[in-house]
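Every number in this text was worked out from the coordinates using simple rules, so none of it is lab data. Predicted model only: the values in this text are computed from it and were never measured. Positions of Cβ are generated from backbone atoms using ideal geometry, with glycine treated the same way; all protein chains shown enter the neighbour counts.
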Amino acid sequence: MKIKTVKPPMSANGNASSLAGVVVRRTVKRAKVRAPRFVAKLWQLRLYVTDSTPKSLTAFSNLKKLCESQLKGCYRITVIDLLKQPQLAKGDQILAVPTVVRKLPKPVRTIIGNLSDIERVLVGLDLRAAD
Amino acid sequence: MKKKVSKPTSPATRLPKCPTGIQGLDEITSGGLPRGRPTLVCGGAGCGKTLLAAEFLVRGAVQFDEPGVLMAFEETEKELTANVASLGFDLAGLIRRKKIVVDYVHVERSEVQESGEYDLEGLFIRLGHAIDFIGAKRVVLDTLEVLFASLPNEAILRAELRRLFRWLKEKGVTAVITAERGRESLTRHGLEEYVSDCVILLDHRVNDQIATRHLRVVKYRGSLHGTNEFPFLIAEDGISVLPITSLALNHKVSAGRIATGIHRLDAMLGGRGFFRGSSILITGTSGTGKTIIASNFAQAACRRGERVLFFSFEESPNQIIRNMHSIGLRLEPLVKKDLLRFHSARPSLYGLEMHLATMFREIATFKPHVVIIDPITSLMDAGTDSETKGMVTRLIDYLKAGQVTSLFTSLTLGGHALAQSESAMSSLMDAWILLQDFEGNGERNRVLYVLKARGMAHSNQIREFLISDWGIDLVDAYIGVSGVLTGSARVAQGALEKAAVLATQQEAAQLKREVERKRKALDRQISDLRSDYEGEALELRRIAEQVGTRTLVLGTERAASGLLRQADTKLAAITRNTHRNGKVS
């Protein structure tokens, strides 16, 4: 499965008018970034959405905020609109929308929902140990 | 059938139906599942939900040209393909030809973290995409309830499921949703509250250590349906529901007759044997020779060049061949010529429905003219009476439809054979031969009656049934004042009669001799008397002569003296003449 990587056509604050097909790649110079110690390499995240529903938009902005704070400079979010690419739902076993799938680093992690509960997202992404 | 169902004459009055193609199910539901609506198939573990759903899909794609989507929550595409291959379905081929799409949905709860609101739009999109991809008319969701274990938020899930079923209806696809049976409700998670058009309940019950599957249509909105529990089986060619109630009595009948292989028995059956295509029951206690009659019948059929299928539930084929050899029946060459085929199985090997399916398959492949089931009572152990009767009914119906003559043997356990449970079964039979043991004089003897033979004049006589090294023979039993005599008693009685006749003959001869003797004695007496009489008569004559002579002498003397006295000369002259004559004679 191939996903086109496109330059982000939107502003950094995440106020995207449409998320479809958007790939946000943020690679800033490493020297300037104080990366979390357990983050070794580039994080690949996929966000599955349907069109620009409020849930999808909230999920994207929440995810982006979180990545900026925790993984600044070493993450890549691929947004997939299932209405446009329904065949991609099968590969990552998507049922719920929105869904975030952490493809890298392994193992694969899945978080469903609009990511409003930051704590659970952090646990789900292994960024914080579950209590 | 499909046309009739899918294009009803007036849609307002008749619910359009979607034929499943599953043997028997369409008859029960009078046409199939409700078209364009979801149907719930629920049942416990291992009762065949997935197979039923898969068959619905495969038959749809193959027979009715209705592509289908199988959304599997439990099994992967590979597993499913392998599983349905056991029913002879080429799922992989159908997938290649774009007749079926299998989408395996798997959600591992431990890998999923929930955070905030979500919906199941992903599922809808996947399903929608699959439906659009091949233009599916049928959808199977197997087993949707797995989602309850995968997704933590039940409230969202329930709302989404409600939406899903509505969405499926809008899509116009005929859907089958499988669900686990719950403890108190039909399904574990109450799916029946969302799917209310048609609910089918599957059940797998163990009765006397033998499992039988049952199917029941619990609910079918807007349609008549069979409400009974129907046994069904999963055979090598798919599911087969056995709707006993749908049997029709409209098969062709033949007036042709076939010989039984026992000459005297033919004679008892109007001289020509059984009707072709009839069903024959042979009952008897053990050791009365049921299998022997059946084997004779088989041999006779094979000699006519007909094929015979022999289902044996007690003996192995080799055992039967050996045993029949001892009475002069050679079955082995017939087996070699493939005219006779044995099928042996222990009754408890599998359930009744499986037996029936196996028999159907064997009959369908071998296409026999005669089918022998020895004994049908063994199968009764594999199910309840009503089930067995249902099975036999179905079997007979199937055989009669194909003009196959069927012979069933039935073992009765002591007592009077007529009073036993197969009397229920006997009503299905066209001819009934009863074998019985007669005990007496320290021996057991076999007798045979023709209890009934529909449509032919048959003997009402009892016959003694002899089994010798040369086969079967029927002889007239001795019926006399002291009742029916068989075996050595019959022989003894025969001897007794012979002796009696001989004695009478001897007596008559004796009497004859006696009479003869008497007659001879009489004759002798008569001759004695005669000789006596003759002697006496002689004596009498002699005496008379003496008297005459004396008189003459006396006269002469008197004349002489008269003469001497000169009393009468004339008279004296006459007397002289007379004396002279008498002297001469």
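As a proxy for reagent exposure, ranking B:ASP142, B:ASP90 by other Cβ atoms within 10 Å from fewest up yields B:ASP90, B:ASP142. Counted over chain B, the DSSP beta bridges are approximately 45% antiparallel.
Taking 17 Å as the cut-off, the amide N atoms of the stretch B:329-349 that come nearer than this to a point 7 Å along the Cα-to-beta-carbon line of B:ASN207 belong to B:347-349. Relative to the dominant Cα principal axis of chain B, helix B:352-366 is inclined by about 80°.
Within the stretch B:33-68, what residues put their amide N at less than 11 Å from the label point 7 Å along the Cα-to-Cβ vector of B:ASN83? The answer is B:46-55, whose backbone nitrogens lie closer than 11 Å to the label point. Suppose R0 equals 25 Å; then what is the FRET efficiency for B:GLU315 and B:LYS337 from their Cβ-Cβ distance, rounded to the nearest 0.05? Calculated value: 0.75.
If I take R0 = 51 Å and measure r between the Cβ atoms of B:GLU236 and B:SER459 in this structure, what FRET efficiency does the formula 1/(1 + (r/R0)^6) give, to the nearest 0.05? The pair B:GLU236/B:SER459 has a calculated efficiency of 0.70. If I model the stretch B:257-476 as equal point scatterers sitting on the Cα atoms and use the Debye formula, what is log10 I(q)/I(0) at q = 0.11, 0.14 Å⁻¹? For the stretch B:257-476 at q = 0.11, 0.14 Å⁻¹, log10 I(q)/I(0) is -0.48, -0.82.
Computed from the C-beta positions of B:HIS263 and B:SER427, the FRET efficiency with R₀ = 41 Å rounds to 0.90. In terms of its C-alpha gyration tensor, chain B has a prolate overall shape, because the principal axis ratio a/c (a ≥ b ≥ c, square roots of the eigenvalues) is not below 1.5 and a/b outweighs b/c.
Counting other Cβ atoms within 10 Å as a rough exposure proxy, the listed residues B:ILE479, B:ILE363 run B:ILE479, B:ILE363 from fewest neighbours to most. Dipole magnitude for chain B: computed about the Cα centre from +1 point charges on Lys and Arg Cβ and -1 point charges on Asp and Glu Cβ, it is near 3780 debye. Over the stretch B:2-246, the Kirkwood radius and the radius of gyration, each from Cα atoms, give a ratio Rg/Rh of 0.95. Magnitude of the charge dipole for the stretch B:257-476, about its Cα centre and with charges confined to Cβ atoms of Lys, Arg (+1) and Asp, Glu (-1), is about 860 debye.
For the stretch B:290-297, backbone phi angles converted through the Karplus equation (6.51, -1.76, 1.60; θ = phi - 60°) give residue-by-residue couplings of 5, 5, 5, 4, 4, 5, 4, 4 Hz, Gly and Pro being listed as x.
Classify the stretch B:76-144 from the C-alpha gyration tensor, please: rounded if a/c falls under 1.5, else prolate or oblate depending on whether a/b exceeds b/c. Since a/c reaches 1.5 but b/c is at least a/b, the shape of the stretch B:76-144 is classed as oblate. Distance between the pseudo-spin-label points of B:LEU538 and B:TRP470 (7 Å out from Cα toward the beta carbon): 7.5 nm. Stretching the chain fully between B:ASP132 and B:GLU184 yields a gain of 14.9 nm (0.36 nm per residue, less the alpha carbon separation).
The trypsin sites (Lys or Arg not before Pro) of the stretch B:54-112 that meet both conditions, a loop assignment by DSSP and at most 14 other Cβ atoms within 10 Å of the site Cβ, are B:ARG97, B:LYS98.
Fewest-first ordering of B:SER561, B:SER406, B:SER348 by other beta carbons within 10 Å of each residue's beta carbon gives B:SER561, B:SER348, B:SER406.
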